[in-house]
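*Asks:* One structure coming up, written as structure tokens, with questions to follow.
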Amino acid sequence: MHHVASIKSNLVVFALLMVLLLATVGASYVPLGVMHFPVAMVIATVKTVLIVLFFMHALHSHRLTWIICVASFLWLLLMIVFTIIDFLSRGWLDILGK
Amino acid sequence: MWNFPLFPDQASSHASSIDALYFFEWAVAIFFSIVIGIAVVVLAVRYRSGSKVDRTNPPTHSQFMEAIWIAIPFVIGMVMFAWGAILFYDMYDPPGDALEVSVVGKQWMWYIQHAQGRAEINELHIPVGQAVKLTMTSQDVIHSFFVPAFRVKQDVLPGRYTSLWFQPTKPGRYHLFCAEYCGTNHSVMGGWVEVMEPAAYERWLTEGGSGPSMAEEGARLFLQHHCAGCHRDSVTVKAPRLEGVYGRPVPIQNGKDVSFVTADVAYIRDSILRPKSQVVAGYEPIMPSFEGQISETDLLKIIAYIKSLSGKEAVR
Amino acid sequence: MDTATMAHTNVAEHASDASPLLLHQFDDVHQQSESSILGMWLFLATEVMFFGGLLTAFAVYRLLNPREIALASQNLNVPLGCVNTMVLLVSSLTMALAVRASQLGRRKDVVRMLLLTMIFGTMFLVVKGFEWRADYHENLIPWINFEVPHHQAEEVHELGLVPAKMELFFIMYFFMTGLHALHLIIGIVMLAIMAHLVHRNWFSGSGAVQIEVAGLYWHFIDIVWVFLYPLLYLISAH
Amino acid sequence: MSAVAVEPRESVAVEENYLSDHTVKSWLLTTDHKRIGILYLISVTLFFLVGGAAASMMRFELMTPKGDLLGSPDVYNRLFTTHGVVMIFFFLVPSIPAVLGNFLIPLMIGARDLAFPILNLMSWYVYIIGGSIAIYILMFGGVDTGWTFYTPFSTMYSNTMVVHAAIAVFITGFSSILTGLNFIVTIHTMRAPGMSWFRLPLFVWAHYATSLIMVLGTPVLAIAVALIAVERGFGIGIFNPNLGGDPVLFQHLFWFYSHPAVYIMILPGMGVISEIIPCFARRPIFGYRFIAASSLAIAVIGFVVWGHHMFVSGQSMYAGMVFSMLSFLVAVPSAIKVFNWTSTMYKGSIRFDTPMLYALGFIGLFTIGGLTGMMLSTLAVDIHVHDTYFVVAHFHYIMVGGAVMAYLGGIHFWWPKITGRMYSELLGKLSALTVFIGFNLTFFPQFVLGYLGMPRRYFEYASEFQVLNVMSTAGASILAAGYALPLFYLLLSLRQPPTAGKNPWGATGLEWQVDSPPTTHNFDFTPRIDRAPYAYSPVAIEGFDGYSDHGSH
Ligand code: HEA
Ligand code: HEA
Ligand code: CUA
Ligand SMILES: [Cu+2]
């Protein structure tokens, strides 16, 4: 009933995850300045995508599963972005307390 | 008992413009309520069960109608938004010549300090026709400064300044309320705003015994806390002179870069409480923190003093 | 007045061809397995928002107090965190293999892989425990004994940093890693039960659906850590 | 008009149904969605009485400007907190979904139960645990923070049982999450053959949208109150500005859930109205697809407007403008619904039974509540009316005039299905009327009071506000009588034998094809659906004289 992933593909995904892990740690020692944080998050996201697609079999499941994955991630982003809008833009105007 | 008010006084320059928007919105609300109300009643009567009317082919959908009643609320909504947003901006953007008043809220009273020195509790005396700007903070929980007759309200928060301005247009005595729930006596944390003729106001200012102005008080505190030791007199310590600092862009050392921030009230507050978080370029971070040593009210006085130096030329 | 016609599929009839483990509300096994998997995915969406509240708070505080947070983060043990990430990723691999084994009906392998997964999960907790113990000895635990580490005291003083804000970092750190560890413990217990049931041949088949659902949860815990690690440990390793 | 392939079985009144087993154990261990619905019905009603008692005492105190009738402001502060917490978290959020949703969703989609019946029972227990803590708090000290728990008051200054309250809310949140999760899965996987998405009743669509909010929003509330409990319990600084925190951050986390939560409260109500109106207008609903889609639109856009509760909180001006604009967008899907319901009456054959009266009341009061919501989301106007009685009036118009009316309408509509009994139609109409009149008298004066500047959460108030407050209190007593009435005659109806028949309203919808009360397994046959919902015809009903037992014959 389900797609059965081969041992080999599991191992390949695992190897990729390890490489990415080393990449994050490595990147944190490279002076990237402001890019430091985005790079770390992009790598984490790629890792997540790998885990979700292969280990959690999202690749071979319903469209609905995809929607849930994307939506929950999007919702989290929504919450963070709209909250940050407030804190980031405080003081952009020359009005005390706004 | 029957001559109770149904509408608040309009006693500030904001009041009439906000009321205009408010009436417009009620007009929209009443219009739609009536349209829907009449539609419901008319349809209910006409199509009541048993009445002899044509009921053939009741429509079940219409893209056209849906489009119309998506478009209308959308457009009306955007008008309300834009109108409200513009007014909102004006209500917080103070004119340059505003009278400066400082406000500290605490459980459960308002402490108010005029630039000229007079302090009062739960009362605010101001001259009619003169724009007033409040710089506000709280010593404990969140409160909210609310004068219905002026249509203004702003939360005051611990550890932070917020501001508010208005221009009273009518002499009189108006309610001052605390509008953010703050504990047991929230409902009695308030008092009066007394809008006076300018002459009466001048008299009032001096009659409290012509005490020192806020800036003068601040100058005293400036000595008392040994600020002057570094900022005015010292030849050994290299500290920036504070004349002309207020309102100007200040160069801040930021790693190897220099960035500029405007020296507003919040910046000066931070400079005193957390001096090392923003170090002026070209100076050593030797200023000690005064966190916990100066009360909110004294802090406001010192800031008033530093502000009063802004007319003078900086000697950098 | 009817919106429906009644078809002649009798309740009793449909029950007869079903597996003994089919719950009464489902028509067939397919519907049942689909429901459990969908349920778990939705639960994970809930979990995303659960951790999300903390991540939002952390994001805001990092924005407001960048220097204190960065300095405080330097007290975390980057290599240990890295090892732990590896351990957790390995456990994800074994979990995936357990799911595979169950799909192929190899019960022995399933149990074996589940046990391995549990062992790696426990290993993570043990390492984490050592980290926390070290934090305790370095006086880094808010409420209990937090104080600015000696080697950073000077820097804190010089830069005029606020010790309370460093403490704030540790509050968030312990809250998030604590919650993560709690999830892991629940996961380990769940896997233990699964392993036991598979061993006893309790499931029809080898519990492919149940193991798959448990796997989803396990991988999710892994994903949370994939984000926590760079967010907490690698802020200013350089 | 009926196209029945199989003779519906004659219903025999004495036959086994889901209510037959009377033992306490059979109730407390039941996994039957209908029984769990009843368990919720009872518990939710009790909490409504608790919240209503607190409201009555508040209105009593507010008859005089001085704080003289209840003795101390601390009592009053505990009262409105209790009232808010109980009414929101323990009454209105679970009311329609957990009672009617639980009972009806499987019936409406042709399923034998929800996907996870044990989980369903568990959510009731979780709710009861949270509720017991709430009652415990009430008896041993109370909380005085307001239902919004704003820091730093809640974490550092209040000396009441805030940690307990946080735990109660935290726990109850999970009941909500589990219910939502159960509904979503059920609606996806358990639909009977032929029940395609666009054949779903709108009640189910509304609950689908509601469940999305429950699943995605509630965990954030849980975290927000957990942070409060931790900060207060351990005395450390999380939102304390002196320790690097920010109290406004708490407000963001709180409203991230609590604004969408208002749609948890109204969307199911809108679902109920969408069932009642076509049934009593005897014609298909107008604009089915738009009503269905607007539920989803409300659920999604509703997530990004929360900052409109924070216009004067010290939030940045840019954020205020973004949130204000989005708030106007969220009004559009609500408008779609109101206009479509109204159009559904055109060319209908309208009867005015109790549920319909409640539904019509809903349309009017919700419209006023919603339009005053527009005023609140207007930045400049909100500065003046924020935290005044204007806001109190706004949300009671929507929550009491809207959601509670819809809830009562739904209870009256499905009462024959749930219990098999009819209630007194006369008393039913009387209750709808009393509630409508009492409601308006209670809450309309509060709009005026609010614009005059009377702040909310006030134990004492300025004397010029008294007349309007007395009017409001008078209205509240009429309202209380209006609510007491159904309690009385609905309970009374239980003494009769179940004679309502399968379909007393002549309604379409699968739930009306099974027995009243339904049997434990709902359907003896797997139903097969071959047409859109609301297949009413106003013309066919011309000769219809009263509702009969089997409308389909
Ligand atoms: C069920 C509950 C519920 C619902 C559905 C709503 C719906 C809405 N609410 Fe309300 N609200 C609350 C419950 C609810 N609210 C509560 C409890 C509070 C106070 C919390 C507290 O502080 O304790 C509150 C507070 C509140 C505030 C904060 C006030 C303040 O504290 O200063 C605001 C501000 O924007 C607001 C706005 C809105 C809007 C825009 C809608 C919209 O969704 C309404 C949309 C509906 C319509 C617009 C009507 C139908 C449309 C038409 C008939 C067509 C014509 C329309 C146009 C021309 C636009 N609400
Ligand atoms: C679902 C939500 C809901 C419901 C149904 C109600 C129902 C009512 N509310 Fe509620 N209200 C809120 C939600 C709700 N409220 C919230 C969230 C707040 C904000 C809290 C805060 O600030 O934190 C609030 C605040 C609030 C205030 C403002 C308090 C203040 O700011 O100082 C007032 C004042 O009039 C009020 C009145 C009423 C009244 C008269 C009813 C009536 O409709 C109730 C009528 C019902 C009954 C009376 C029950 C029937 C009872 C019996 C038949 C038993 C007999 C009773 C006795 C013997 C006493 N409410
Ligand atoms: Cu201060 Cu309310
Ligand atoms: Cu809202």
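*Asks:* Which of the three applies to the stretch D:1-160, rounded, prolate or oblate, going by the alpha-carbon gyration tensor with a ≥ b ≥ c and a/c under 1.5 meaning rounded?
*Replies:* prolate
*Asks:* Additional query: What is the magnitude of the charge dipole of the stretch B:215-308 about its Cα centre, with +1 placed on the Cβ of each Lys and Arg, -1 on the Cβ of each Asp and Glu, and no other charges, expressed in debye to the nearest 20?
*Replies:* Numbers: 11 positive and 11 negative charges, 44 e Å.
It works out to roughly 200 debye.
*Asks:* If you don't mind, there's one more thing I want to ask. Quick one: which residues, 5 or more positions from B:Lys133 or on another chain, have an amide H under 5 Å from its amide H? H modelled 1.01 Å from N in the peptide plane, none for Pro or chain starts.
*Replies:* When sequence neighbours closer than 5 places are left aside, the close amide H contacts are B:Leu99, B:Glu100, B:Val101.
*Asks:* Shifting gears a bit: Spin-label point model (7 Å from Cα, Cβ direction): what's the B:Leu223 to D:Ser424 distance in nm?
*Replies:* That separation, rounded to one decimal, is 8.6 nm.
*Asks:* Take the Cβ-Cβ distance between D:Ile128 and C:Ile186 as r, set R0 to 22 Å, and report the resulting FRET efficiency rounded to the nearest 0.05. Let's see the in-between values first.
*Replies:* Values: r = 23 Å, r/R0 = 1.03.
About 0.45, to the nearest 0.05.
*Asks:* Evaluated at 25 °C with a viscosity of 0.890 mPa s, what Stokes-Einstein diffusion coefficient in µm²/s does the stretch B:173-316 have when Rh comes from the Kirkwood expression over alpha-carbon pairs? Spell out each step's value before the answer.
*Replies:* On the way: Rh = 17.8 Å.
Approximately 138 µm²/s, per Stokes-Einstein.
*Asks:* Quick one: which residues, 5 or more positions from D:Tyr534 or on another chain, have an amide H under 5 Å from its amide H? H modelled 1.01 Å from N in the peptide plane, none for Pro or chain starts.
*Replies:* Amide H neighbours of D:Tyr534: D:Gly509.
*Asks:* Oh, and also: Given labels modelled 7 Å from the Cα in the Cβ direction, how far is it in nm from B:Met65 to B:Arg173?
*Replies:* So the label points at B:Met65 and B:Arg173 sit 5.9 nm apart.
*Asks:* Just to be sure I understand: with springs between alpha-carbon atoms less than 10 Å apart, which residue in B:Met91, B:Met189, B:Met65 has the highest mean-square fluctuation in the Gaussian network model of chain B?
*Replies:* Answer for the Gaussian network model of chain B: B:Met65.
*Asks:* Let me ask another. Which entries in the list B:Lys52/D:Lys417; B:Lys238/C:Lys165; B:Lys133/B:Lys170; B:Lys133/B:Lys307; D:Lys347/D:Lys417 go over 24 Å, if you measure between the two C-alpha atoms of each? Display every interim value, and only then the final one.
*Replies:* Details: B:Lys52/D:Lys417 32 Å; B:Lys238/C:Lys165 29 Å; B:Lys133/B:Lys170 17 Å; B:Lys133/B:Lys307 14 Å; D:Lys347/D:Lys417 28 Å.
Exceeds cut-off: B:Lys52/D:Lys417; B:Lys238/C:Lys165; D:Lys347/D:Lys417.
*Asks:* When the chain is fully extended, how far beyond the present Cα-Cα distance does B:Val35 get from B:Ala20, taking 0.36 nm per residue of separation? It would help to have the intermediate numbers written out before the result.
*Replies:* Working: separation 15, 0.36 × 15 = 5.40 nm, distance 2.23 nm.
Here the segment from B:Val35 to B:Ala20 would lengthen by 3.2 nm.
*Asks:* If you don't mind, another one. Please report, in debye to the nearest 20, how large the charge dipole of chain D is about its Cα centre when each Lys and Arg carries +1 at its beta carbon and each Asp and Glu carries -1 there. Don't jump to the answer; show the numbers that get you there.
*Replies:* Details: 26 positive and 27 negative charges, 116 e Å.
With Lys and Arg at +1 and Asp and Glu at -1, about 560 debye.
*Asks:* Which value, in debye to the nearest 20, describes the size of the charge dipole of the protein assembly as shown about its Cα centre when Lys and Arg Cβ atoms bear +1, Asp and Glu Cβ atoms bear -1, and nothing else is charged?
*Replies:* Details: 68 positive and 78 negative charges, 337 e Å.
In debye, rounded to 20, the protein assembly as shown gives about 1620.
*Asks:* What spacing in nm lies between the two simple spin-label points modelled at C:His151 and C:Asn139, each 7 Å away from Cα in the Cβ direction?
*Replies:* The two pseudo-label positions are separated by 1.6 nm.
*Asks:* What does the helix-only formula give at 222 nm for chain D: each DSSP H stretch with n ≥ 4 adding -39500 (n - 2.57), the total divided by the residues, and the result rounded to the nearest 500 deg cm²/dmol?
*Replies:* On the way: 16 runs with 326 residues, N = 553.
After summing the helix terms and dividing by the residues of chain D, the value is -20500 deg cm²/dmol.
*Asks:* Of C:Ile144, C:Ile69, C:Ile185, which has the largest mean-square fluctuation in a 10 Å C-alpha GNM of chain C?
*Replies:* C:Ile144
*Asks:* Pairs of alpha-carbon atoms within less than 8 angstrom and 6+ residues apart define the contacts here; what relative contact order does the stretch C:28-235 have, in percent? List each step's numbers first, then the result.
*Replies:* Values: 185 pairs, mean separation 72.5, N = 208.
Answer for the stretch C:28-235 is 35 percent.
*Asks:* By the gyration tensor of its Cα atoms, with a ≥ b ≥ c the square roots of the eigenvalues, what is the shape of the stretch A:11-98: rounded for a/c under 1.5, prolate for a/b over b/c, or oblate?
*Replies:* Working: a/c = 6.14, a/b = 1.48, b/c = 4.15.
Oblate, because a/c is 1.5 or more while a/b does not exceed b/c.
*Asks:* Now, a different point. Could you give the radius of gyration (one decimal) and Dmax (whole number) of the Cα atoms in chain B, in Å?
*Replies:* Cα-based Rg and Dmax for chain B come out at 27.3, 102 Å.
*Asks:* Oh, and also: In percent, what relative contact order does chain D have, based on Cα pairs under 8 Å that are 6 or more apart in sequence? Don't jump to the answer; show the numbers that get you there.
*Replies:* Details: 917 pairs, mean separation 98.2, N = 553.
Relative contact order for chain D comes out at 18 percent.
*Asks:* May I pose another question? When a/c is below 1.5 the answer is rounded, else prolate if a/b is larger than b/c, else oblate, so apply that to the protein assembly as shown with a ≥ b ≥ c taken from the square roots of the Cα gyration tensor eigenvalues. Don't skip to the answer; put the middle values down first.
*Replies:* Values: a/c = 2.25, a/b = 1.25, b/c = 1.80.
Cα axes put the protein assembly as shown in the oblate bin.
*Asks:* Another question, if that's okay. I'd like the trypsin sites (Lys or Arg not before Pro) in the stretch B:187-285 restricted to DSSP loop residues with at most 15 other Cβ atoms within 10 Å, sorted by number. Don't skip to the end; give the middle numbers.
*Replies:* Details: sites: B:Arg203, B:Arg220, B:Arg232, B:Lys238, B:Arg241, B:Lys256, B:Arg269, B:Lys276; in loops: B:Arg232, B:Lys238, B:Arg241, B:Lys256.
Passing sites in the stretch B:187-285 are B:Arg232, B:Lys238, B:Arg241, B:Lys256.
*Asks:* Which percentage, to the nearest 5, of the DSSP beta bridges contained in the protein assembly as shown is antiparallel?
*Replies:* On the way: 40 of 54 bridges.
Restricted to the protein assembly as shown, the bridges split so that about 75 percent are antiparallel.
*Asks:* Select from B:Pro168, B:Pro127, B:Pro240 the residue whose mean-square fluctuation is largest in a Gaussian network model of chain B (Cα-Cα springs shorter than 10 Å).
*Replies:* Answer for the Gaussian network model of chain B: B:Pro240.
*Asks:* Pairs of alpha-carbon atoms within less than 8 angstrom and 6+ residues apart define the contacts here; what relative contact order does the stretch B:215-308 have, in percent? Working shown, then result.
*Replies:* Working: 111 pairs, mean separation 34.3, N = 94.
The value is 36 percent.
*Asks:* Determine the percent antiparallel among the DSSP beta bridges restricted to the stretch B:36-188, to the nearest 5. If you can, show how the numbers build up before the last one.
*Replies:* On the way: 21 of 29 bridges.
Restricted to the stretch B:36-188, the bridges split so that about 70 percent are antiparallel.
*Asks:* What FRET efficiency would be calculated for the residue pair C:Trp132, D:Leu487, taking the C-beta separation as r and a Förster radius of 56 Å, to the nearest 0.05? Display every interim value, and only then the final one.
*Replies:* On the way: r = 55 Å, r/R0 = 0.98.
Here the calculated transfer efficiency is 0.55.
Where a number appears in this text, it was derived from the coordinates with a stated rule and is not lab data. Just so it is clear, the model here is predicted, and its values are computed rather than measured. Because the Cβ atoms are built from the backbone with ideal geometry, glycine has one as well, and the counts that use them run over all protein chains shown.
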